[in-house]
Amino acid sequence: MNDQVRSVLLGTAGLSALATIALVLTVSRAPRDAALPAWHRLRRTAAFAIAVHLVHFMEEWYAGFHVRFPEMLGLVAWPATMFALFNAAWIAVWIVCAALLPSGRRAIWFPLWFLALASAVNGVAHPLLSIAAGSYFPGLVTAPLAGIAGVVLWRALVRSSR
């Protein structure tokens, strides 16, 4: 296995764990039948979390998260294109899922649970990474807002599911 593949797999292991939790939540918590206004409220909450994540990703991108985070773990930097495409793909998936919320389809909940979990964890992880680095770490400025958005989305998803 080459060093970049190893770096990406090990460096994103936490995201893989969050995706597993999101999958369990998707399977175990069916969307509740709700009136259209309830779906629109959840959609607005998801849209806010998506917008915050977009700004958070921009901070990470311009500050070099894809270089600094793997290096902190003793790994090689992630390819910039991979990092950008990974984030862009998730943002696109989240937008589509938020748009499809009123359909009540269970499959669209997985990405939204993942967004809630990843955002909440970002709110804690980036300050801890900054402490470990002894200085600013890419993503620190927007992490608290991402954490708040994640918790708010989490609560909205719980209320909207059984």
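The values are calculated or read from the model by the stated rules, or taken from the named source; none is laboratory data. These numbers were taken from a predicted model, which means no experiment stands behind them. FYI the Cβ positions are ideal-geometry reconstructions off the backbone, even for glycines, and counts take in every protein chain you see.
Given the conditions (1) within 24 Å of V24 (Cβ to Cβ); (2) surrounded by fewer than 18 Cβ atoms within 10 Å (Cβ to Cβ), report the number of the one that A63 does not fulfil.
(1)
Taking only segment 22-60 into account, find how many residues are buried (at least 17 other Cβ atoms within 10 Å of the Cβ) and either on the phi > 0 side of the Ramachandran plot or among the basic types (K, R) (or both).
1
Is it true that some residue in segment 90-108 is within 19 Å of S160 (Cα to Cα), crowded, with 21+ Cβ neighbours inside 10 Å and among the polar types (S, T, N, Q)?
Looking for residues that are within 19 Å of S160 (Cα to Cα), crowded, with 21+ Cβ neighbours inside 10 Å and among the polar types (S, T, N, Q), one finds none in segment 90-108, hence no.
So is S7 surrounded by 17 or more Cβ atoms within 10 Å (Cβ to Cβ) and of a type in the set (S, T, Y) or not? Outline the logic, then answer.
Working: surrounded by 17 or more Cβ atoms within 10 Å (Cβ to Cβ): yes; of a type in the set (S, T, Y): yes.
Yes; evaluated as a whole, the condition is true for this residue.
Which condition from (1) at pLDDT below 95; (2) β-branched (V, I, T); (3) touching a Phe, Trp or Tyr at 6+ places or on another chain (Cβ under 8 Å) is the one that I50 breaks?
Here I50 clears every test but (1).
Would you say R68 is under 25 Å from N2 (Cβ atoms) and among the basic types (K, R)? Reasoning before the result, please.
On the way: under 25 Å from N2 (Cβ atoms): yes; among the basic types (K, R): yes.
Criteria met by R68.
Among what's in segment 8-23 and is part of a helix (DSSP H, G or I) and not aliphatic (A, V, I, L, M), pick the residue that is farthest from M72 (Cα to Cα).
Residue satisfying both the conditions and the ranking: T20.
Charged (D, E, K, R) and touching a residue at least 12 places away in the same chain (Cβ under 8 Å): is that true of E71 in this structure?
no
Please determine, by comparing only the residues of segment 71-115 that are charged (D, E, K, R) and in a helix (DSSP H, G or I), which one is farthest from F137 (Cα to Cα).
Filtering segment 71-115 for residues that are charged (D, E, K, R) and in a helix (DSSP H, G or I), the one farthest from F137 (Cα to Cα) comes out as R106.
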